[in-house]
Amino acid sequence: MFKQLRATPNQLTLLRLIFIPFIAMMVVDGRFAWALALFVVAGISDGMDGYLARRLNQRTTLGQYLDPIADKLLLSTMFVVLAVAHKVPWKITILVFSRDLGILIVSILLYMTTSLRDFKPSFWGKANTVAQIATVLLVFLDELSFAQWVTTLKVVGYWTTFALTLLSWVHYTVVVGQRLRSSGTKSIAA
């Protein structure tokens, strides 16, 4: 485990986790230029860790779990902090946070009680993540710009995120149910 933690891609993922409270503090302080800059750096580190894992042949089991957790923690934190700052509607934040928490709990339960170990994101999950990232970026840009098109795109981002969050959550639920039925997986409790 310690050896996996020392892998360069995992170090970048840990760095991304360290950025989260600082980005949140910048939002709370109304320093959206800094929040945007740190969010972009966190995004670059996300792309770099995947690239380096492949390039340096440093793919690890820890990284497979840590990377999506870091992504979800960053995005969920951003939505909560932006809702508290009245920059994102609460109903969108509640849906985003509930979906991510629900999927995390179900994944942990499945991991502990079944033989299912493959929790790769679906097309809808990836589309949802892209929509969430774009929405957070547009919220930051809208705070720094007076351009009406940015505000319009931000609102489109809100509702795209809402729709894709709901769709990806339903899709995840259906797929997990199908996988459990088709594999005949027996739980530990059974």
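Where a number appears in this text, it was derived from the coordinates with a stated rule and is not lab data. If you're wondering where the values come from, they're calculated on a predicted model, not measured in any experiment. Here the Cβ positions follow ideal geometry from the backbone for every residue, glycine too, while neighbour counts run over all protein chains shown.
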(request) Divide by every residue of the chain the summed helix terms, -39500 (n - 2.57) for each DSSP H run of at least 4, and state the resulting mean residue ellipticity at 222 nm, rounded to the nearest 500 deg cm²/dmol. (result) -28500 deg cm²/dmol
(request) With label points built 7 Å along Cα→Cβ from the Cα atoms of LEU141 and VAL40, find their separation and express it in nm. (result) 1.1
(request) Enter the Cα centre distance for the pair the stretch 19-74 and the stretch 83-129, rounded to the nearest angstrom. (result) 17
(request) Report, by chain and number, residues whose modeled amide H sits under 5 Å from the one on VAL88, excluding near sequence neighbours (fewer than 5 apart, same chain). (result) ALA83
(message) What does the net charge come to around ALA33 if you take all other residues with beta carbon closer than 13 Å to its beta carbon, with K and R at +1 and D and E at -1?
(response) -2
(request) Could you give the spread of the C-alpha atoms of the stretch 71-190 along their three principal axes, from largest to smallest, in whole angstroms? (result) 58, 23, 20
(request) Run the numbers on the chain and let me know its relative contact order in percent, using alpha-carbon pairs under 8 Å that are six or more apart. (result) 22
(message) As an exercise, use a Förster radius of 35 Å and the Cβ-Cβ distance of LEU104 and THR151 to find the FRET efficiency, rounded to the nearest 0.05.
(response) 0.60
(message) Starting from the 7 Å offset along Cα-to-Cβ, what nm value, one decimal, do you get for the label separation of ARG181 and VAL130?
(response) 3.0
(message) Among the listed pairs LYS91/LYS120; LYS120/LYS154; LYS87/LYS126; LYS126/LYS154, which have their C-alpha atoms separated by more than 22 angstrom in this model?
(response) LYS91/LYS120; LYS120/LYS154; LYS87/LYS126
